[in-house]
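The values are calculated or read from the model by the stated rules, or taken from the named source; none is laboratory data. All figures in this text were calculated on a predicted structure; none of them were measured in a lab. Cβ placement follows ideal geometry from the backbone for every residue including glycine, while neighbour counts extend to all protein chains displayed. Only protein heavy atoms, including side chains, enter the accessible area calculation; ligands, DNA and RNA are left aside. Shrake-Rupley method; radii C 1.70, N 1.55, O 1.52, S 1.80 Å.
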Amino acid sequence: IFAPSVVMKVKVGEKREPITSSFRDSRVPLIMEAGSTSVPNAGGTPFTYRWKIPAELSPQVNGRYAQILAPEAPHFMQYPVEVEVSDGKATNARAEMLKILPTVRVKGQITGASSAVGGTWVDLTADTSHEGGDNPEFQYNWSVPAGWTQPIGLTRSTLRVLAPTPTASTPFALSVRVTPVVNAPGTENDPYPQKISIPADAVTLDTTVVVRRRQPVDIDPYAKIQGPS
């Protein structure tokens, strides 16, 4: 017998999870799946599904599935999503609030030395700015080439690392991945909300450092042969 037991889940790869289990990224297509743990009434027709989704989510509906694309927003957003399931004799509905993470636009560059002498320390800084997200924090993940040793600050905005000693002047590529982190909105029951990273808004900054074997000289080398004239 058809009973009021409608379920609504989010499809992530092959995994399905409750729609309210976590916040969702904006600008990332999301597939929602509706169903029922009941069976149709005797003589009832196969289940039909009717979705009610805000137009801002650009919904595309196909039976029990609905794909949405949340718009960019500088702040946390919530959208009501409802699905109605019917077997022709009885109808039931379920509504959920879809919670969308803010969009954080990150841009910047790596500042510091563009050249160095082999065997010396090199200091680099991820100099970034952003739009949206209400003062987000940032996670840093530096990548250094083989041969560069004793890195200090691989997870901070500033990196110090020891350059190798090449046999000739050599350019080396270094990079840092910057991921914004925002605080979820607090509630009366949870005034200290969790921090949520937004991998969809992460950026990678690159730079090149040319490492020389020794310091250059100010003048060209000069020599002469000493002996009787």
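A few comments on the model shown:
- Search result, residues across region 128-138 that are touching a residue at least 24 places away in the same chain (Cβ under 8 Å), outside any loop (DSSP other than H, G, I, E, B) and surrounded by fewer than 16 Cβ atoms within 10 Å (Cβ to Cβ): E131, E137
- The C-beta contact set for region 95-107 (first residue within 10 Å of F23 (Cβ to Cβ), second residue acidic (D, E), distance under 6 angstrom, 6+ apart or interchain) comprises L101/D25.
- Taken together, V161, V182, V176, V122 contain a single residue that is within 28 Å of T20 (Cβ to Cβ), open to solvent by less than 20 Å² (accessible area, probe 1.4 Å), assigned to a strand (DSSP E or B) and of a type in the set (A, V, I, L, M), which is V182.
- Long-range neighbours under 7 Å by Cβ, at least six apart or interchain, first residue more than 23 Å from G132 (Cα to Cα) within region 66-84, second hydroxyl-bearing (S, T, Y) and open to solvent by 60 Å² or more (accessible area, probe 1.4 Å): E84/T91
- Inside region 126-157, residues that are under 28 Å from A168 (Cβ atoms) and touching a Ser or Thr at 6+ places or on another chain (Cβ under 6 Å) make up a count of 1.
- Against the conditions (1) part of a loop (DSSP other than H, G, I, E, B); (2) in contact with a Pro (Cβ under 7 Å, 6 or more places away or on another chain); (3) surrounded by fewer than 20 Cβ atoms within 10 Å (Cβ to Cβ), A95 satisfies every one except (1).
- Cβ-Cβ under 7 Å pairs, at least 6 apart or on other chains, region 144-156 side closer than 15 Å to R177 by Cα, far side aromatic (F, W, Y): P145/F172; L154/W142; T155/Y140; R156/Y140
- Residue match in region 71-86 (condition: in contact with a Gly (Cβ under 6 Å, 6 or more places away or on another chain) and within 30 Å of P199 (Cβ to Cβ)): yes
- Count of residues meeting criterion [surrounded by 15 or more Cβ atoms within 10 Å (Cβ to Cβ) and under 23 Å from the mean Cα position of the chain (by Cα)] in region 100-119: 8
- Which numbered condition E17 fails, given (1) surrounded by 13 or more Cβ atoms within 10 Å (Cβ to Cβ); (2) closer than 25 Å to P102 by Cα: (1)
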